[in-house]
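K.L.:
This structure is in structure tokens; I'll ask about it shortly.
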Amino acid sequence: MVFAMALILLVEDDRNITAAMVRALTDAGHVVRPVGQATEALKVVTEDQPDLVILDLGLPDIDGTDALRMMRSVSAVPVIVATARRSEADIIALLSAGADDYVTKPFSSGHILARINAVLRRTQAAVAQAPTVIIVGDLEINPRQRRVALGGQALQLTRREFDVLTYLAERVGQVISRRELLTEVWNQSRIGEEQTIDVHISWLRRKLGETAAAPRYLHTVRGVGVMMVDPR
Ligand code: CA
């Protein structure tokens, strides 16, 4: 598989590492957006929707693991963590906080490029397998272009909202548990995170112009989960 050029968000406060990484990634044909702080990174993730994030854990403003969790709450973007922490417990914590992969510092540019390519291969393969278009009622979802329209009007969804909506639209008429959404869409299975799902569902409802009390597409099945329904 040939890799498309990727937009890579590099979150790193060390100028020397940043300069070396920008050079290596640019030489490999990627577009790099370097930022030095987690707060900036969160803004770029939501606004520019990068294809991949490389996240240094030792940042000046927010602890890297917290930054990762915040990123995960708004985006499904693949994240490779760069860390000096090497203990198994640290690595497990990172992966359960939503990292797709990690590299331990110091690392070579060849090493990080191989990791990047592996992660991109997984995400691009998932995109390539997606159907061309899913239609439910007036809702039209294009998984490859990651576009959604309702009654012909484009909807602006976050990456995560898009993933949830697509997952449900591929399973119209099936009740999907919050646990399944967490595992399949969030790639997480942490107990107590189910409320995150409710928050995203309520944001989605707002964008679809409906409410929990008067649902059209997204029906909550109390105590079980949520089901997409064709309103026609
Ligand atoms: Ca650092």
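The values are calculated or read from the model by the stated rules, or taken from the named source; none is laboratory data. Fair warning: this is a prediction, and the values are worked out from it, not measured in the lab. All Cβ positions, glycine included, derive from the backbone under ideal geometry; neighbour counts span all protein chains shown.
K.L.:
Test Leu155 against the stated conditions and say whether it is modelled with pLDDT of 95 or more, within 20 Å of the chain's Cα centre (by Cα) and not acidic (Asp, Glu).
P.N.:
Answer is no for this residue.
K.L.:
Output the number of residues of the range 32-66 satisfying the condition of being within 20 Å of Ala93 (Cβ to Cβ), of a type outside the set (Asp, Glu) and in contact (Cβ under 8 Å) with a residue 40 or more places away in the chain.
P.N.:
Result for the range 32-66: 5.
K.L.:
From the set of residues in the range 1-16 that are of a type in the set (A, V, I, L, M) and at pLDDT 95 or above, which is farthest from the ligand (Cβ to nearest atom)? Before you say what the answer is, go through the steps one by one.
P.N.:
Here is the first cut: in the range 1-16, the ones of a type in the set (A, V, I, L, M) are 1-2, 4-11.
Filter once more, so that each one left must be at pLDDT 95 or above: 8-11.
Values: Ile8: 17, Leu9: 15, Leu10: 12, Val11: 9 Å.
Among those residues, the one meeting the criterion is Ile8.
K.L.:
Can you work out which of the residues in the range 159-197 that are of a type in the set (S, T, N, Q) and at pLDDT 85 or above is surrounded by the most Cβ atoms within 10 Å (Cβ to Cβ)? Break it down into steps so the answer makes sense when it comes.
P.N.:
Step one: filter the range 159-197 for residues of a type in the set (S, T, N, Q), giving 166, 174, 177, 183, 187-189, 195-196.
Now restrict to residues that are at pLDDT 85 or above: 166, 174, 177.
On the way: Thr166: 20, Gln174: 11, Ser177: 15.
My answer is Thr166.
K.L.:
Could you tell me whether Thr83 is within 12 Å of the ligand (Cβ to nearest atom), of a type outside the set (A, V, I, L, M) and in contact (Cβ under 8 Å) with a residue 12 or more places away in the chain?
P.N.:
yes
K.L.:
Which members of the range 65-75 meet the condition of being crowded, with 20+ Cβ neighbours inside 10 Å and more than 12 Å from Ala97 (Cα to Cα)?
P.N.:
Ser75
K.L.:
Of the numbered conditions (1) surrounded by 12 or more Cβ atoms within 10 Å (Cβ to Cβ); (2) assigned to a helix (DSSP H, G or I), Glu140 satisfies every one except a single condition; which is it?
P.N.:
For Glu140, the exception is condition (2).
K.L.:
Under 7 Å between Cβ atoms, which residue pairs at least 6 apart in sequence (or on different chains) link something in the range 101-129 that is of a type in the set (Phe, Trp, Tyr) with a partner that is assigned to a helix (DSSP H, G or I) and surrounded by 12 or more Cβ atoms within 10 Å (Cβ to Cβ)?
P.N.:
Tyr102/Ile91; Tyr102/Leu94
K.L.:
Here's something else I'd like to know. Let me confirm something: among Arg33, Arg69, which residue is at pLDDT 95 or above and away from the ligand (no atom under 16 Å from the Cβ)?
P.N.:
Among Arg33, Arg69, only Arg33 is at pLDDT 95 or above and away from the ligand (no atom under 16 Å from the Cβ).
K.L.:
Next question. Among what's in the range 96-106 and is modelled with pLDDT of 85 or more and exposed (fewer than 15 other Cβ atoms within 10 Å of the Cβ), pick the residue that is farthest from Thr18 (Cα to Cα).
P.N.:
Thr104
K.L.:
Oh, and also: Across the range 17-27, which residue is farthest from Leu68 (Cα to Cα) among those that are surrounded by fewer than 18 Cβ atoms within 10 Å (Cβ to Cβ) and either more than 16 Å from the ligand (Cβ to nearest atom) or not assigned by TED's automatic domain parsing to the domain that holds Asp66 (or both)?
P.N.:
So the residue we want is Asp27.
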